[in-house]
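One structure is given here, and the rest of the page talks about it.
The values are calculated or read from the model by the stated rules, or taken from the named source; none is laboratory data. Bear in mind the structure is a predicted one, so any value in this text is a computation, not a measurement. Cβ placement follows ideal geometry from the backbone for every residue including glycine, while neighbour counts extend to all protein chains displayed. Ligands, DNA and RNA are excluded from the accessible area calculation, which covers all protein heavy atoms including side chains. Shrake-Rupley method; radii C 1.70, N 1.55, O 1.52, S 1.80 Å.
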Amino acid sequence: MKELIETIAKALVDHPEEVRVHAVEKERLLMFEVSVHPDDMGKIIGKQGRIAKALRTVVAAAAVQTDKRVTVEIV
């Protein structure tokens, strides 16, 4: 799932080498923290958060196979 998030994020930004995805795992929660270059923040979030919401939707659909709740935070 980490690779999925990296692939999508790198396709959206101008500085793909600056994309970092960090996974934090707790009991029933798997949280991915995505950090990008400051100039790319608007591109990864999108107008009114539409890109971020779409990214979270794709990850949630991919996480159906797991038994954990998955969240994506943009840092």
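Points worth noting:
- Mean Cβ neighbour count within 10 Å, used as a protection proxy, ranking 42-54, 4-16 highest first: 4-16, 42-54
- Relative contact order (%) - the chain, alpha-carbon pairs under 8 angstrom, separation at least six: 33 percent
- Potential lengthening between residue 67 and residue 43 on full extension [0.36 nm per residue; Cα-Cα distance subtracted]: 5.6 nm
- Dipole moment magnitude, nearest 20 debye, the range 4-75 about Cα centre, only Lys, Arg, Asp, Glu C-beta charged: 420 debye
- Rounded to 5, percent antiparallel among DSSP beta bridges of the range 6-75: 50 percent
- Accessible area of the chain belonging to carbon and sulfur atoms, whole % at 1.4 Å probe: 53 percent
- Probe 1.4 Å, accessible area per residue of the chain, Å²: 67 Å²
- Straight-distance candidates among the aspartates and glutamates for linking to residue 68, with alpha-carbon spacing under 15 Å and chain neighbours fewer than 8 residues away dropped: 25, 27.
- Residue-averaged [θ]222 nm for the chain, counting only DSSP H segments that reach four residues, each worth -39500 (n - 2.57): -11000 deg cm²/dmol
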